[in-house]
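Taking it in order: structure first as structure tokens, then the write-up.
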């Protein structure tokens, strides 16, 4: 890896910011955040049956690495998002009914649509922009059991499609190359008090709408375990015919996650993904580590370190240089970034990311920044 002095200087500047000692002159920058504004609550009241909200995410980045951020040197509307949600609550009745719909517009639509299937939202594009409906499901809850039926986000992985639920602007290689984003099917969960939650269900495969492709039929499930108040372990997997991703044959994938609160302000996450599809010889694995530090309600600093081992099926093309047909090409990335909230509804996320692969004799630094407004 060739790391130039200016790259190292940028990283030092980002990390040094997290070491600043706040003074009275920094009170506004690092002080208390205050309450966020909820448009729907102000309109319908806090006791409304439905919860309606969303966000608008804008960003710009230097290079395309094929991991969502595929439109460099432009100011992009990544996600114009609207959701309507009704919780399936059992507080007042034995059985609770609910559901959710998510609709988004932006350059992230092509990666959020049900591209692994037929129909649904895969044709809702015009140029770089498009529409996607990544969730549309009904839900029923009885006691500690809850069942979703419809189109919903995956359980696999740590990072997610929805911008406000990630620390970094860019995404991990495992998230894009080794994980599904959505499923269509049935998913049941059972909460064992505060100890664990067990998941199990059936889907039409990976990233499908309401029509099966290649007779997709697979299992989705796992367990989330609260080892202590500060340590959470998660194992989630898919197994069976993934549809388009497995060519109509069998496959297996899992994501293993350990989330630890080291202190009240410092959080460490380690995650590993594995994907195996025997019929197509797809065989990749990855390991991610996150170190997240909260300086205040307004400012947070983070570091992400990645290793992903690819194959000749997944077709990951890094920086315009394709790997030779082999199953042992390793890719690496380190990302340093900040989260700053000038207002409770606004978050700014500058970051610098290094990508490199010794096998390709390749390295690059990518600066990016986005900001999103929730409502």
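Worth pointing out:
- Applying the criterion of being over 19 Å from residue 261 (Cα atoms) and at pLDDT 90 or above to the residues of segment 299-329, the residue that is farthest from the chain's Cα centre (by Cα) is 309.
- Only a single criterion out of (1) part of a loop (DSSP other than H, G, I, E, B); (2) more than 30 Å from residue 214 (Cβ to Cβ) is not satisfied by residue 66, namely (2).
- Within segment 206-227, being surrounded by 17 or more Cβ atoms within 10 Å (Cβ to Cβ) and part of a loop (DSSP other than H, G, I, E, B) holds for 206, 207, 208, 209, 212, 213, 214, 216.
- Scan of segment 159-196 for residues that are in a strand (DSSP E or B) and closer than 28 Å to residue 308 by Cβ, ordered by number: 182, 183, 184, 185, 187
- Breaking point among (1) outside any loop (DSSP other than H, G, I, E, B); (2) out of contact with any strand residue (DSSP E or B) (no Cβ under 6 Å at 6 or more places or on another chain), for residue 264: (1)
- Matching option when the condition is at pLDDT below 95 and either closer than 14 Å to residue 204 by Cβ or assigned to a strand (DSSP E or B) (or both), among 243, 247: 243
- Residue within segment 355-372 that is more than 20 Å from residue 63 (Cβ to Cβ), in a strand (DSSP E or B) and either more than 24 Å from the chain's Cα centre (by Cα) or at pLDDT 90 or above (or both) present: yes
- Flag for residue 82 being free of Cβ contacts under 8 Å to residues at least 40 places away in the same chain, under 20 Å from the mean Cα position of the chain (by Cα) and over 23 Å from residue 364 (Cα atoms): yes
- Here 69, 65, 74 are screened, and the one residue that is exposed (fewer than 13 other Cβ atoms within 10 Å of the Cβ), at pLDDT below 95 and within 26 Å of the chain's Cα centre (by Cα) is 74.
- Number of the condition not met by residue 203 [criteria: (1) surrounded by 16 or more Cβ atoms within 10 Å (Cβ to Cβ); (2) in contact (Cβ under 8 Å) with a residue 40 or more places away in the chain]: (2)
The values are calculated or read from the model by the stated rules, or taken from the named source; none is laboratory data. As the structure is a computational prediction, the values presented were derived from the model and not from experiment. Every residue, glycine among them, receives a Cβ derived from its backbone with ideal geometry; neighbour counts consider all protein chains shown.
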